[in-house]
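*Asks:* Below you'll find the structure I mean.
The values are calculated or read from the model by the stated rules, or taken from the named source; none is laboratory data. Bear in mind that the values here come from a model prediction, so they are computed numbers and not experimental data. With ideal geometry, Cβ positions are generated from the backbone for all residues, glycine too; neighbour counts draw on all protein chains shown. For accessibility, only protein heavy atoms count, side chains too; no ligands or nucleic acids. Shrake-Rupley method; radii C 1.70, N 1.55, O 1.52, S 1.80 Å.
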Amino acid sequence: MTTPTLLEMTAPLRDDFAIPYHDLGPAGERPALALVAGLHGNELNGIFVLSRLAEFLARVADGREPAHALRGRVVIVPAVNVLGVNTRSRRWPFDKTDINRMFPGYDAGETTQRIANAVFQATRAARYRVDIHSSNLDFEELPQVRLYEPSEDEKASALLFGLPAVIERRTDQVFTSTLGHAWRGAGGESFVIQAGRAGDLQLPHCERLFRALMAFLHHTGLVTGIDLAAEDQDTHYFGVDRTLSLVSDHAGLFVTHVQVGTWLQAGALIGEVYDGFSGERRAEVRAPTAGLLSGIRRQPLLYEGDLIARLQTRTPTGSEKQVKGQEQ
Amino acid sequence: MEILHDDIVSLALPYRETLRVQRTSFVGGGGPRVAVIAGIHGDELEGLFVCHRLAAWLEQLAASHPHALRGRVDLVPAINPLGIDTLERFVPVFDADLNRNFPGDAEGLLPQRIAAGAMAALSGAALVIDIHASNIYLREIPQVRIAEDFAATLVPLAQGMNLDLIWLHGAVTVLEATIAHSLNSTGTPCLVVEMGVGMRITPAFTEQLLIGIVNVWRTLGVLAPDLELPPPTHTPLVADDSNVHYLNAATSGLFVPDIEHWMAVRREQTLGRIVSPLHGGTLAAVRSPVDGILFTLREYPAVYEGSLMARIMAV
């Protein structure tokens, strides 16, 4: 069987360009679920997990997993930015544009507008749609569902993944050019998932993400016969006023020992900032309030104003500020 | 006339150094204040040369007509100094387009802090001119780009800028995060000039724009009304979304133009070819869809399917 492609284009010299995808389950039906990763070529967790999930679902669809059955059509695009993956580039490597700023796309436009259009057209009809990201090279995200001005159905369905956090965010100008936003106008339900950090694989996050997608397939009835891991039932929902972004007042070297997913007490030490020349300690970073550590800086070089950590709080933070430039 | 140097933004870098966004101010009487900014994308250098030429012109004015400067001129030639120092279009480390971070936030990430500092320094000016140089892919004829929302204020100013084209744009959401939109929507007129090509300077375009800028300054009262200036030599055409045609590459390869920039073209005229280094033939001929004037021409030869090769204004 030939591999289906979302889009095929010429390329100047190396080879023709194609975006392959997996089309599993009953052919010809409206897709029940569309899973997309690798809009950014350096976000590898989602690519790995979606390829592994496709391998499993292909076995189910072929009858090689007799305990399971696939009840709907599932479209999986492990990586949209194929050339970016091969050249370790977040953006589209030729003109350095960000594919996730090109939606809904345009089939007669620039190369990345054509790519965006192809992704949008192939996924828009799905009842459920998931776009998976892994932050950037500098920051590690606890596996989480992000919701942007969600419907009541989306709020309920987001809990089906069983990820540790479901986090509501406000839309902003940047979000309006993303796949997640383009989907909003297409009916159905859509979700953005963040898991880990770009640039390499964090296997514990990959495993958690894989289980989350299996849980979603189970709860929606798309795959039967799945046994869920009991430890993944601890999901917390955080509204738009339950996110606290800690930003640095200092430049320097940031060091930390904390792990995402930890519940911190007010005053708990998150990390320290050092002067990289004198070696003097400039600052301690402490949790201003109790909360779940949903993201932590992994890049030590620190500018004034850089994001150090995000805490999800049980009570309103009184601050609705979002640090810009850290979106998916 | 007094000449001052200071920083509109100063931020500590992680190891020892300080990032400074530097400004030169030419201060005359109590008349209107105007500003020229450039280098918001680190690969666009045309505006840096315009600032140099304006500084030279103003220094000479200080010697020859010390009282002719009635107001104040601020030059901020490198608003993204890290990008210029590292030959990067975006703000290094943050991989952020500085011109998508306005109006900024004094307590945000570095690009947001630069944006907030720039807004504070420029707000209230009688006119800000933001000079861009396209990118490394496309060469542009000297032009002003104006969002239709601000056309009533900006078109009369743009008419005097001695440029070839005024391009009126419809609203695009992401453009709201530009410095021009942020200034115009808060009452500070800002004209966006696009000219030339990335990583190069085009002195002829600079001299053309210089004449326009000083004439507009005189009209605004920044310069004495009786100061003699070289008269404008260009009258702009007006383009908008209804008469601009985009030519995107039908296939991938090397684009080789057959014509010169800023030429009148006929419908079906061959503008260039896309060829492959592997074969002797032509992969695709590039033909004009309309009678018009070619105002954008691809400079960087390699094209992907979809790459923009030219823009033509139908006439």
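Listed here are the residues, each with its yes/no results for (1) free of Cβ contacts under 8 Å to residues at least 12 places away in the same chain; (2) part of a loop (DSSP other than H, G, I, E, B).
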residue: B:LEU4; (1), (2): no, no
residue: B:ARG16; (1), (2): yes, yes
residue: B:ARG23; (1), (2): no, no
residue: B:GLY31; (1), (2): no, yes
residue: B:HIS41; (1), (2): no, yes
residue: B:CYS51; (1), (2): no, no
residue: B:LEU61; (1), (2): no, no
residue: B:ASP74; (1), (2): no, no
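*Asks:* Could you look through the stretch B:103-115, keep only residues that are crowded, with 21+ Cβ neighbours inside 10 Å and of a type outside the set (Val, Ile, Thr), and pick out the one that is farthest from A:SER245 (Cα to Cα)?
*Replies:* This residue is B:ALA115.
*Asks:* Right, something else. Can you tell which of A:ASP23, A:ASP98, A:ASP62, A:ASP16 is within 14 Å of chain B (Cβ to nearest Cβ), surrounded by fewer than 22 Cβ atoms within 10 Å (Cβ to Cβ) and over 22 Å from A:ARG197 (Cα atoms)?
*Replies:* A:ASP16
*Asks:* I'd like the full set of residues that are under 26 Å from the mean Cα position of the chain (by Cα) and part of a strand (DSSP E or B), limited to the stretch B:257-270.
*Replies:* Once the filter is applied, which keeps residues that are under 26 Å from the mean Cα position of the chain (by Cα) and part of a strand (DSSP E or B), the stretch B:257-270 yields B:PRO257, B:ALA264, B:VAL265.
*Asks:* How many residues are basic (Lys, Arg) and over 22 Å from B:ASP6 (Cβ atoms) when one looks only at the stretch B:63-92?
*Replies:* The total comes to 1.
*Asks:* Give the residue that is nearest to the other protein chains (Cβ to nearest Cβ), with candidates limited to residues of the stretch B:97-109 that are part of a helix (DSSP H, G or I) and at pLDDT 95 or above.
*Replies:* B:LEU98
*Asks:* Of all residues in the stretch B:218-275, which are at positive phi, within 14 Å of chain A (Cβ to nearest Cβ) and open to solvent by 60 Å² or more (accessible area, probe 1.4 Å)?
*Replies:* none
*Asks:* Still on this structure: Tell me yes or no: at least one residue of the stretch A:282-291 is more than 14 Å from chain B (Cβ to nearest Cβ) and in contact with a Pro (Cβ under 9 Å, 6 or more places away or on another chain).
*Replies:* no
*Asks:* Check A:SER294, A:SER248 and return the single one that is hydroxyl-bearing (Ser, Thr, Tyr) and either over 26 Å from the mean Cα position of the chain (by Cα) or within 14 Å of chain B (Cβ to nearest Cβ) (or both).
*Replies:* A:SER248
*Asks:* A further question follows. Can A:THR176 be described as over 23 Å from A:LEU44 (Cβ atoms), surrounded by fewer than 20 Cβ atoms within 10 Å (Cβ to Cβ) and within 12 Å of chain B (Cβ to nearest Cβ)?
*Replies:* So A:THR176 passes the test.
*Asks:* Among residues belonging to the stretch A:26-45 that are touching a Leu at 6+ places or on another chain (Cβ under 9 Å) and open to solvent by 10 Å² or more (accessible area, probe 1.4 Å), point out the one that is farthest from the other protein chains (Cβ to nearest Cβ).
*Replies:* A:PRO26
*Asks:* With the structure loaded, tell me whether B:VAL76 is buried (at least 23 other Cβ atoms within 10 Å of the Cβ) and either touching a strand residue (DSSP E or B) at 6+ places or on another chain (Cβ under 9 Å) or under 14 Å from B:ARG20 (Cα atoms) (or both) or whether it fails that test.
*Replies:* Considered against the rule, which asks whether it is buried (at least 23 other Cβ atoms within 10 Å of the Cβ) and either touching a strand residue (DSSP E or B) at 6+ places or on another chain (Cβ under 9 Å) or under 14 Å from B:ARG20 (Cα atoms) (or both), B:VAL76 comes out as yes.
*Asks:* Do we find a residue being closer than 18 Å to B:ALA56 by Cβ and either in contact (Cβ under 8 Å) with a residue 40 or more places away in the chain or in a helix (DSSP H, G or I) (or both) anywhere in the stretch B:227-236?
*Replies:* Taking every residue of the stretch B:227-236 in turn, at least one turns out to be closer than 18 Å to B:ALA56 by Cβ and either in contact (Cβ under 8 Å) with a residue 40 or more places away in the chain or in a helix (DSSP H, G or I) (or both).
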